[in-house]
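Bear in mind these aren't lab numbers, they're just calculated from the coordinates by the rules spelled out. Nothing here was measured: the structure is a model prediction, and the numbers come from that model. Note that each Cβ is placed from the backbone with ideal geometry, even for glycine, and that neighbours are counted across all protein chains shown.
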Amino acid sequence: MILLGRLFLKVRGKNDREKWTKHILEGFEKLSKRETGKIFVAENETHAFLGYLWVGEGSNMMTGRKHGYIYDIFVKEEYRGKGIGRKLG
């Protein structure tokens, strides 16, 4: 989770790394308490963070049939276009 500190969100035109890190960690903590949610993290051979895929399970309100959700997928900008998102998905 420490690697997520490298991510940031532009808020009101400036980088706000602290708020973004807190937001992501809170979201991951909530997800980790669900039995049906999973996070897959992409790393390179030196274990540097490249991206993640956040998935979960839901059910159709009408039929009750289960289905999957992709909540979020992210690949660091410098690694985009190299197939990492495809490998995560």
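Could you calculate the FRET efficiency of Lys33 with Arg80 from 1/(1 + (r/R0)^6), where r is the beta carbon distance between them and R0 is 25 Å, rounded to 0.05?
On the way: r = 31 Å, r/R0 = 1.22.
The calculated FRET efficiency here is 0.25.
Under a 5 Å amide H cut-off, with hydrogens placed 1.01 Å from N, Asp72 pairs with Trp54 among residues at least 5 apart or on other chains.
For region 37-89, divide the Cα radius of gyration by the Kirkwood radius and give the resulting Rg/Rh value with two decimals. Spell out each step's value before the answer.
Values: Rg = 14.0 Å, Rh = 12.3 Å.
Rg/Rh: 1.13.
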